[in-house]
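Before any comments, here is the structure.
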Amino acid sequence: MNDRFERAIALIDEANARDPNDVFVEGSAVPRELLYSQRLTDWVLRLEPNASEPLRLAARSQHIARWKIPRNSYPEGRAGYLKWRNDLKSFHADLTSDILRRAGYDDGTISRVRALNLKEGLSTDLEAQTVEDALCLVFLQYQFSDLAAKLAPEKVVTALRKSWNKMSDNARRTALELPFNERESAFLQQALAPGQGIS
């Protein structure tokens, strides 16, 4: 897009490349958050090929350096989980704002990316919804299979329902085109069955 954008993306990728947790893709180890940020960016661009610069920056930085605030550093239970999630969002937004400032962005752009990192105005902001849709699609494409293998069936179905309720109609249509195996498709059908709280 421009030199400033390229600098910012390079700085975000550099931060995510420090993730000590690797995942293996086609036999090669890749820092987990670096891969996640690339996958999230890919989904945002699939959903919105003409994505604005702030939306692209928010996608790349949405989970930046996430490993620095582990879930197990907070109490068990829903209250601890929600506190962890809220603290993470602020951490990601603060770190991204600092990077964008170093890359030469103006306050208006930084504020816009920050709002997208925080997913403010989700019910009315189409770009914030695009970020949410992309997050859900990354889950369905890359994480759902592992979740389905580890969790009790009722927890898998609950997770699917929660994701589905966050997604736009367009993202839902896209999700149904993903190549789920027979077991995953059965879970999805159960989650989407009438009367199951799906909006």
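What follows is calculated from the coordinates using simple rules that are stated; it is not laboratory data. If you're wondering where the values come from, they're calculated on a predicted model, not measured in any experiment. For neighbour counting, all protein chains shown are included, and Cβ atoms are generated from backbone atoms with ideal geometry for every residue, glycine included.
The table below lists the values:
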| item | result |
| --- | --- |
| Whichever lysines have a C-alpha closer than 18 Å to that of Lys155, once near sequence neighbours (fewer than 8 apart) are set aside | Lys166 |
| GNM top mover of Asp22, Asp133, Asp13 - the chain, alpha-carbon springs below 10 Å | Asp22 |
| Cα-based helix-to-principal-axis angle, 3-16 vs the chain, degrees rounded to 10 | 60 degrees |
| Amide H contacts under 5 Å for Asp22, placed H, 5+ residues apart | Arg32 |
| Using θ = phi - 60° and Karplus 6.51 cos²θ - 1.76 cosθ + 1.60, couplings along segment 97-114 (whole Hz; Gly, Pro as x) | 4, 4, 5, 5, 5, 5, 7, x, 7, 7, 4, x, 5, 4, 5, 5, 5, 4 |
| Cross-link pairs beyond the 20 Å C-alpha cut-off, checked among Lys89/Lys150; Lys68/Lys89; Lys89/Lys119 | Lys89/Lys150 |
| FRET efficiency for Ala29 and Asp169, using Cβ-Cβ distance with R0 set to 30 Å, rounded to 0.05 | 0.20 |
| Positive minus negative residues near Gly80 (Lys, Arg vs Asp, Glu; Cβ under 15 Å) | +2 |
| Most mobile of Ala115, Ala58, Ala152 in a GNM of the chain (Cα contacts under 10 Å) | Ala152 |
| Check: the chain dipole with +1 on Lys, Arg Cβ and -1 on Asp, Glu Cβ, in debye | 560 debye |
| Principal axis box of the chain, alpha-carbon based, largest edge first, Å | 50, 38, 33 |
| Rg to Rh quotient for segment 1-118, alpha carbon positions, Kirkwood Rh | 0.99 |
